[in-house]
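**Q** This is the structure, below, for whatever I ask next.
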Amino acid sequence: MAGELSPIDKAKFVAAKRAADFVEDGMRVGLGTGSTAAWLVRCLGEMVRDDGLKIRGVPTSTRTAELARDVGIEVISLDEARWLDLTIDGADEFDGDLNLIKGGGGALLQEKIVATASDQMIVIADVGKAVENLGAFPLPVEVIPFGWQTTQALVEETLISMDVLGRNATLRMNGGAPFITDEGNYILDLHLGRIGNPRQMALVMNQMPGVVENGLFIDICDKVIIGYGDGRIELRDINEGTVEHDRLDFVESDNLFTDLAE
Ligand code: 5RP
């Protein structure tokens, strides 16, 4: 079944599988959102089922909560957990300092709260997410629906004084209606091209009335595990300053792939 996966899905899978090695018995684990994080949840579900791994998971979206329950992971709220040992999540972009753009899946608010409440955050990603400068991926900014067009105008005006290439903000849609986040908010996608100063951008965005949170994760990620379509894995640790290389061979009869095909 793994043979039918695209190279990008294989890359996501190997990154997720390697990240699962960092999860230990008794941990409270933040569970990210998106297709790469979904692989991680499936891997952890398998470890719970087959190896008796005992963890409690705090999901970052209703989608992830549903998947986690489906695969047998005990799900608790962040308020029940209070603090987490580890969060593992995907990303839309990461740079050399392991700063991130997240929110392509619309879950950036819960993702940032959960990652920040963790001893450690590991990002799992295919190599296509690695960038020199953040910003080619549109920066998601969560805004409250009240007066969103005024907020959009304010955001675009503020961008005039920022070090970016583009200044267009678009409302994320879901079919013919605005995309609604799990918290009942809207998302503006900022088409910036390149963000010269991500730290400043993150601070400035969050100062605007109507903005709830932005998708820049600055100094939050500790490690990134990069997967390649041929099974290679690269592990970068920003705190240790180390880079490790590894390889993971597929087991094609793996239940994970069978489940996915259903
Ligand atoms: C969701 C996210 C995701 O982690 C990000 O969009 C990456 O998704 P994928 O793993 O599907 O490429 O931030 O809000």
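The values are calculated or read from the model by the stated rules, or taken from the named source; none is laboratory data. Note that the structure is a prediction, hence the values are computed from the model and not measured. Don't worry about glycine lacking a Cβ; one is built from the backbone with ideal geometry, like all the others, and counts go over all protein chains shown.
**Q** Please verify whether the range 69-87 includes one or more residues that are within 14 Å of the ligand (Cβ to nearest atom) and either over 19 Å from Arg247 (Cα atoms) or out of contact with any Leu (no Cβ under 9 Å at 6 or more places or on another chain) (or both).
**A** Among the residues of the range 69-87, at least one is within 14 Å of the ligand (Cβ to nearest atom) and either over 19 Å from Arg247 (Cα atoms) or out of contact with any Leu (no Cβ under 9 Å at 6 or more places or on another chain) (or both), which makes the answer yes.
**Q** In addition: Evaluate the range 117-124: report whether one residue or more is free of Cβ contacts under 8 Å to residues at least 12 places away in the same chain and either surrounded by 23 or more Cβ atoms within 10 Å (Cβ to Cβ) or assigned by TED's automatic domain parsing to the domain that holds Arg18 (or both).
**A** no
**Q** State all residues of the range 194-225 that are more than 30 Å from Asn168 (Cβ to Cβ) and assigned to a strand (DSSP E or B); if no residue qualifies, say none.
**A** Correct list: Lys223, Ile225.
**Q** Of the residues Lys54, Lys129, Lys102, which is within 27 Å of Gly210 (Cβ to Cβ) and either without any contact (Cβ under 8 Å) to a residue 12 or more places away in the chain or out of contact with any Ser or Thr (no Cβ under 8 Å at 6 or more places or on another chain) (or both)?
**A** Checking each option against the conditions leaves just Lys102.
**Q** More than 22 Å from Val14 (Cα to Cα), near the ligand (Cβ under 10 Å from one of its atoms) and among the aliphatic types (A, V, I, L, M): which single residue out of Ala107, Ala91 fits that description?
**A** Only one candidate passes the filter, namely Ala107.
**Q** A further question follows. Quickly run through the range 232-247 and pick out the residues that are surrounded by fewer than 18 Cβ atoms within 10 Å (Cβ to Cβ) and either farther than 15 Å from Gln120 by Cβ or under 20 Å from the mean Cα position of the chain (by Cα) (or both).
**A** Once the filter is applied, which keeps residues that are surrounded by fewer than 18 Cβ atoms within 10 Å (Cβ to Cβ) and either farther than 15 Å from Gln120 by Cβ or under 20 Å from the mean Cα position of the chain (by Cα) (or both), the range 232-247 yields Arg232, Glu234, Asp237, Ile238, Asn239, Gly241, Val243, Glu244, His245, Asp246, Arg247.
**Q** Looking at the range 121-141, which of its residues are in a strand (DSSP E or B) and either within 14 Å of Lys223 (Cα to Cα) or within 12 Å of the ligand (Cβ to nearest atom) (or both)?
**A** Of everything in the range 121-141, those that are in a strand (DSSP E or B) and either within 14 Å of Lys223 (Cα to Cα) or within 12 Å of the ligand (Cβ to nearest atom) (or both) turn out to be Met121, Ile122, Val123, Ile124, Ala125, Asp126, Ala130, Leu139, Pro140.
**Q** Right, next: Taking the range 132-176 only, how many residues are surrounded by 15 or more Cβ atoms within 10 Å (Cβ to Cβ), polar (S, T, N, Q) and touching a Leu at 6+ places or on another chain (Cβ under 8 Å)?
**A** 2
**Q** Since Glu66 meets every condition but one in (1) more than 23 Å from Phe137 (Cα to Cα); (2) in contact (Cβ under 8 Å) with a residue 40 or more places away in the chain; (3) surrounded by fewer than 19 Cβ atoms within 10 Å (Cβ to Cβ); (4) within 16 Å of the ligand (Cβ to nearest atom), which condition does it not meet?
**A** Failing condition for Glu66: (2).
**Q** Next question, about the same structure. So in the range 24-61, with the set limited to residues that are more than 16 Å from the ligand (Cβ to nearest atom) and of a type in the set (Gly, Ala, Ser), which one is farthest from Val14 (Cα to Cα)?
**A** This residue is Gly26.
**Q** Over 30 Å from Pro7 (Cα atoms) and of a type in the set (Phe, Trp, Tyr): does that describe Tyr228?
**A** no
**Q** For the range 40-59, indicate whether the set of residues that are under 30 Å from Arg194 (Cβ atoms), crowded, with 23+ Cβ neighbours inside 10 Å and at pLDDT 95 or above is non-empty.
**A** Checked against the condition, which is being under 30 Å from Arg194 (Cβ atoms), crowded, with 23+ Cβ neighbours inside 10 Å and at pLDDT 95 or above, the range 40-59 yields at least one hit.
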